[in-house]
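Trainee: Dropping a structure here in structure tokens format, bear with me for questions.
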Amino acid sequence: MNPPFRARFAASRAIRRYAAAMTADQSHGDAPSSPLPADGPAPVPATAGPAPGAPGIAPTWSSSAKDAVGTSHYASRVWFTVGHGILNEVYWPRVDRPQIRDLGFIVADDAGFWSEVKRDAESDVRYVRPGIPAVTATHRHERYVLGLRICADDHADVVRMEATLEDLRPADDPARAAHPLRLYALLAPHLGFTGTRNRAWIGTYKGRPMLFAEDAPYALALASDPAPIRQSVGYVGASDGWQDFAANARMTWTWETTGEGNVAGMTEIELRDGKAQVVLAFGSRPEEAALQATSALVMHFEPAWDEYVHNWQGFLATCTPPPDLGDALGDLYLDSAAILRTHQDRTAPGATVASLSIPWGSSRNDLGGYHLVWSRDLVESAGALVALGARASARRTLAYLVATQEPDGHWVQNQWVDGVAYWGGVQLDEAAYPIILVGALRRGGGRHMHGRDEEAAAFSDLVTGPALDAMIRAAASFIVRTGPATQQDRWEENPGLTPSTLAPVVAALVVAADHLPEPSATYCRELADDWNASIEDWTFARGTDLARRRGVDGYYVRIASPDVLAGAPISTPIPIRNRPSDRSTAPGDRVIGTDFLALVRFGLRRPDDPRILDTIAVADAALRTETPSGPVWHRYTDDGYGEHADGRPFDGTGIGRGWPLLVGERGHYELEAGRDARPYLETMRRLASAGGMIPEQDWDADDIPARGLFRGRPSGSAMPLAWAHAEYVKLVRSIALGHPIDRPEEAWRRYRGEVPRAVRDTWRFTAPRPAMRAGRTLRFELMAPCRVHCSLDGWRTTIDVDARDTGLGVWVADVPGSNRLRPGDAVDATFYWPAAGRWEGRNVRVTVVPEQA
């Protein structure tokens, strides 16, 4: 049905006004609404039936600037987020399934005044108490105060809100009685985690009016008590409730249905003594959602709020209390505990997503975001929960890791909580971290749990068994077969050799050796030693222009090309992702990162190692930025993952900003170096949002108020970032312990920060080294049974060596006498594959060079 001419005209005018507002909304901060037309409200058309304007403007998610996140600590399957003081994405029925964009409010008087609270009011959002994710939001405007209390229902898939509206006009103001303030809820469904194919309608359930939306098999119902006065649905940018107010300054449209598209709904809420209860319920069918909504309203808000708070208090009672660091640092510790717990799934126990946000979400509508599981982030979060004393959560994480491990032993780059891959990259450290977690728990990682030795020992007993043994074996096998180069580094951008991957991989092999039978155990220790002894050969650049400018001997690079394993120099160019095409590569020895600190964190190098100290000097000069909140570090030189210089959202290119996570990593280094790490905790706290959410990145350039970007405050990247909160928790516990709480003790006992003496050089088809050092034994590492036919004298005499099985999918052959060769000599070899009954068909030569070459 076509709308009347006046309705079409009003909608057309509103589209232009809405487009301007949406442009502002797609910056990091939401700008004020546009003013009303000078000629006052437009004439009121009569509306009914289907809404016009299909399918609506292109949808986006909400800003990633979250004030709070929360979920039930009992049985509910909803996870909610709050941004700019209103409800943002709500996830259901899993923590990786966002189902709405936002649910906000308008306050109006039906006489020309209207105010969208997220834009026009000053908002104060906080948890009701530290560590209790029951949210209070107070919106203050010169005309009103709107108070919201937000929580999940502990027994149903429902988000509950209590709204309290106070009119600030004088009691004797005639306009107050003639035109009382009215409250309107605006809902933007994104069911099926998209805004492109939802449909909405006004309906009833058992006689109770509700607003419905559906994208099968996902449905929602919005209901209130008292019952709504009137409701409308429409297409975003054409006939939604915001358009109605922009065109008419009051609610005049009551469209009843929409077809598929980017839809929205509005409901006028009746207030009883200035209060109302609003519920947003979900179900696989509209009737199921409506039933949940109706049942929630019957149970009333206050007892549901009290139960929600009580159950979270029970969780905090299981956590190790923070040391005496002051209220502000202690409060963020408790908030971080709740935030980490909130990011865990309930349908797939043990799964933890990286963030309940979508970086730069107000400029994108793709499926991705950070509501996915990365095994590295998962283990980082689990390690923090162990440090907190949350033993059951760590045990569930191990079970989840066992269940989602790939047959060859690795974990996919990231995945939905059901284990289905999203991105298919392979990161070697993501196979190492689960081994390290198992090792920590088996050796009594629960010993930090309130000091209760009996409980710690009992907890260690819970992480034994053949399934975990098999997981360790498979992960170790993947590492030894595919390392030492990784397909992707921890920043998911480059293949090659990087200290941030090599450190956990070496540590994981040492840990795995304590849990594997022979000969696998011995091989893991030998390979760990070989790779550890080679870290400087692969990643430490000496004598460069940069080293000379900084007055140092050399420095660890961010990552070296995998070609280094075949003899290429560290200066071999590497890709620089997220940069314009003309700046997409750089020599490897010119790219500096903070990754080298992992060598100290994992016990492979001492904090006073001259190479570490030299790299700190180079990295600080290149990557450290001072902000009013404290120093921050970029990931690496020329990082492109962040906003543009003018504050525009990251769109495939940009400029990387400071990471609070890296502040925590630096704090762990300073602790290991014997210095006070508390200033780094304080910086992380100041870099967090007012609500205690630690972001992925903070803005570290000049302020851009129009885009909500302020130096030392969160940028438009993911917030909160679970990994950052885990780092904060671990730094708190590490300070109490005196060293990094997640330092693998097996690696520390073996190396104590010292480089092991190199006794072997290894050759494999994926790392065909052209030279070996004099005094070392040459080892061939093969991926199948093999006879190595070799010579130490130019084929005048030969030696046959049958490679021995390590039990991990690698066969090794040590060449006898190769450690007695002199510089200039060489080992020649070829290979016979007995299973295939064939020769390799080519020879290889490894030349002997001086030890210090």
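Trainee: For Thr766 and Ile229, FRET efficiency with R0 = 56 Å and r from the beta-carbon atoms, rounded to 0.05?
Mentor: 0.20
Trainee: What is the distance in Å between the Cα centres of the range 635-698 and the range 185-228?
Mentor: The range 635-698 and the range 185-228 have Cα centres spaced 39 Å from each other.
Trainee: If Asp545, Asp469 are ordered by their accessible area, calculated over protein heavy atoms with a 1.4 Å probe, which sequence runs from highest to lowest?
Mentor: Largest accessible area first, the list is Asp545, Asp469.
Trainee: If you build the convex hull over the alpha carbons only and average its shadow over all orientations, what do you get for the range 350-449? Give it in nm² to one decimal.
Mentor: Across all orientations, the range 350-449 yields a mean hull projection of 6.7 nm².
Trainee: Ignoring ligands, DNA and RNA, what percent of the accessible area of the chain is carbon or sulfur (1.4 Å)?
Mentor: Of the solvent-accessible surface of the chain, carbon and sulfur hold 51 percent.
Trainee: Run lengths n ≥ 4 of DSSP H only: what is the helix-derived mean residue ellipticity at 222 nm for the chain, with -39500 (n - 2.57) per run over all residues, to the nearest 500?
Mentor: Rounded to the nearest 500, it is -9500 deg cm²/dmol.
Trainee: Let me ask something additional. Measure nothing fancy, just the Cα-based angle from helix 5-25's long axis to the longest principal axis of the chain, in degrees from 0 to 90, nearest 10.
Mentor: It is inclined by approximately 40 degrees.
Trainee: Also, quick follow-up: At 7 Å along Cα-to-Cβ for each site, give me the label-to-label distance between Asp703 and His739 in nm.
Mentor: 4.5 nm
Trainee: Now for a different question. Which semi-axes, in whole Å and largest first, does the equivalent ellipsoid of the range 220-333 have when worked out from the alpha carbon gyration tensor as the square roots of 5 times its eigenvalues?
Mentor: 38, 19, 16
Trainee: Continuing with the same structure: How many nm is it between the label spots at Arg838 and Arg272, if each spot is 7 Å from the Cα in line with the beta carbon?
Mentor: 8.2 nm
Trainee: So how tilted is helix 286-299 from the main axis of the chain? Cα-based, degrees 0 to 90, rounded to 10.
Mentor: Result, in degrees: 70.
Trainee: If I model a spin label at Ala568 and Glu288 as a point 7 Å from the Cα along the Cα→Cβ vector, what separation in nanometres do I get?
Mentor: About 5.2 nm separates the two model spin labels.
Trainee: Treating each Cα of the range 525-634 as an identical point scatterer and ignoring solvent, apply the Debye formula and state log10 I(q)/I(0) at q = 0.11, 0.15, 0.22, 0.23 Å⁻¹.
Mentor: -0.38, -0.70, -1.32, -1.38
Trainee: Suppose accessible area is computed on protein heavy atoms with a 1.4 Å probe; arrange Met783, Met719 from highest to lowest.
Mentor: Final ranking, largest accessible area leading: Met783, Met719.
Trainee: Relative contact order for the chain: what is it in percent, counting Cα pairs under 8 Å that are at least 6 residues apart?
Mentor: Answer for the chain is 11 percent.
Trainee: Hey, what did the range 467-564 get for relative contact order, percent, Cα under 8 Å, at least 6 apart?
Mentor: That works out to 28 percent.
Trainee: Counting only heavy atoms of the protein chains, get the accessible area per residue of the chain (1.4 Å probe) and round it to a whole Å² value.
Mentor: Computed with neighbouring chains in place, this is 35 Å² per residue.
Trainee: What trypsin sites (Lys or Arg not before Pro) in the range 705-772 are in a loop by DSSP, with at most 14 other Cβ atoms within 10 Å of the Cβ?
Mentor: Arg752, Arg757
Trainee: Let's test the formula: R0 of 56 Å, r as the Cβ-Cβ distance of Thr797 and Ala617. What FRET efficiency results, to the nearest 0.05?
Mentor: 0.60
Trainee: Answer with a single label: of [x] 1.05; [y] 1.10; [z] 0.95, which was calculated as Cα Rg over 2.2 N^0.38 Å from the structure in view?
Mentor: Among [x] 1.05; [y] 1.10; [z] 0.95, the one calculated here is [x].
Trainee: For the pair Ala645 and Ser581, what calculated FRET efficiency results from E = 1/(1 + (r/R0)^6), where r is the Cβ-Cβ distance and R0 = 22 Å, to the nearest 0.05?
Mentor: E between Ser581 and Ala645, to the nearest 0.05, is 0.80.
Trainee: Something else about it: How big is the shadow of the Cα convex hull of the range 126-180, averaged over all directions, in nm²?
Mentor: Mean orientational projected area (the range 126-180, Cα hull): 5.3 nm².
Trainee: Just subtract the alpha-carbon distance of Asp537 and Arg126 from 0.36 nm times their residue separation and send over the number in nm, one decimal.
Mentor: 142.9 nm
Trainee: How about the range 704-797: which GluC sites (Glu not before Pro) there lie in a loop by DSSP and see at most 14 other Cβ atoms within 10 Å?
Mentor: Glu754
Trainee: Still on this structure, please answer the following. Provide, for the chain, the number of lysine pairs with alpha carbons under 30 Å apart, each pair being eight or more places apart or on different chains.
Mentor: 5
Trainee: Return the whole-Å distance between the Cα centroid of the range 512-555 and the Cα centroid of the range 267-333.
Mentor: Result: 50 Å between the Cα centres.
The values are calculated or read from the model by the stated rules, or taken from the named source; none is laboratory data. In this text the structure is predicted, and so the values were computed from the model without any measurement. FYI the Cβ positions are ideal-geometry reconstructions off the backbone, even for glycines, and counts take in every protein chain you see. All accessible areas refer to the heavy atoms of the entire protein, side chains included, with ligands and DNA or RNA removed. Shrake-Rupley method; radii C 1.70, N 1.55, O 1.52, S 1.80 Å.
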